[in-house]
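Undergrad: Right, I'll just put the structure down here and ask away after.
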Amino acid sequence: MIDFSYIIETSKSFDEAVVSVLRAVEKKGWTVFQIYDIKERLAAKGFVQRPLKIIEICSGKYAHQFLNKNRMVSLCLPCKINVMEEGGKVVIVGMKPTMIAQLFPEIKVEEAQGVEEEILDIINTAAQS
């Protein structure tokens, strides 16, 4: 199986982890586009789900760079960091942007690695107690 995600457990509560992600995104100079509360949205349709929020984030610098190489990269934008409860624990999850280089040959792995380093830094910063 391809290792496409980065997952880290945090001792923070679910809500604290969400706030920590938002702060880490801001500190890194990225932008939060949208936050989806999946548990709430599915509850409105009568489905029960454990807590899960999808936080869409973007670095204009990287988005501009990648879109200029192949506009189909927009299918992978914006980046997402998820906060969820799994097995009674809170985890923060992000897709590894280096996966984009496997889908779009115009994007060099080294370029995607820069994005990945920033995403992992955001996740690690948010997860710290």
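Undergrad: Looking only at residues that are over 18 Å from Leu120 (Cα atoms) and part of a loop (DSSP other than H, G, I, E, B) in segment 1-16, which one is modelled with the lowest pLDDT?
TA: In this case the residue turns out to be Met1.
Undergrad: What number goes with the only condition from (1) surrounded by 15 or more Cβ atoms within 10 Å (Cβ to Cβ); (2) of a type outside the set (A, V, I, L, M); (3) touching an Asp or Glu at 6+ places or on another chain (Cβ under 7 Å) that Tyr6 does not pass?
TA: (3)
Undergrad: What pairs can you find where one residue is in segment 97-110 and closer than 19 Å to Cys58 by Cα, the other is charged (D, E, K, R), and their Cβ atoms are less than 7 Å apart, with a gap of 6+ or different chains?
TA: That search, which allows pairs on different chains as well, returns Pro97/Glu116; Thr98/Glu116; Ala101/Lys108; Ile107/Lys69.
Undergrad: List, please: which pairs have Cβ atoms under 6 Å, are six or more places apart or on different chains, and start with a residue in segment 53-80 that is over 24 Å from Ile7 (Cα atoms) and end with one that is in a helix (DSSP H, G or I) and modelled with pLDDT of 95 or more?
TA: Phe66/Val73; Leu67/Val73
Undergrad: Please go through segment 56-93 and give me each residue that is of a type in the set (Ser, Thr, Tyr) and surrounded by 15 or more Cβ atoms within 10 Å (Cβ to Cβ), ordered by number.
TA: Ser59, Tyr62
Undergrad: Follow-up question, since we're still on this one. Against the definition (more than 19 Å from the chain's Cα centre (by Cα) and surrounded by 15 or more Cβ atoms within 10 Å (Cβ to Cβ)), how does Phe104 come out, yes or no?
TA: Yes.
Undergrad: Here are the criteria: (1) modelled with pLDDT of 95 or more; (2) over 22 Å from Lys12 (Cα atoms). Tell me which single one Arg50 does not satisfy.
TA: Result: Arg50 fails condition (2) only.
A quick yes/no check of all residues on (1) within 13 Å of the chain's Cα centre (by Cα); (2) at pLDDT below 95; (3) hydroxyl-bearing (Ser, Thr, Tyr):
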| site | (1), (2), (3) |
| --- | --- |
| Val18 | yes, no, no |
| Val21 | yes, no, no |
| Lys61 | no, no, no |
| Ser74 | no, no, yes |
| Met84 | yes, no, no |
| Glu117 | yes, no, no |
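The values are calculated or read from the model by the stated rules, or taken from the named source; none is laboratory data. Note that the structure is predicted; figures quoted are calculated from it, not measured. Note that we place each Cβ from the backbone using ideal geometry, even for glycine, and neighbour counts take in every protein chain shown.
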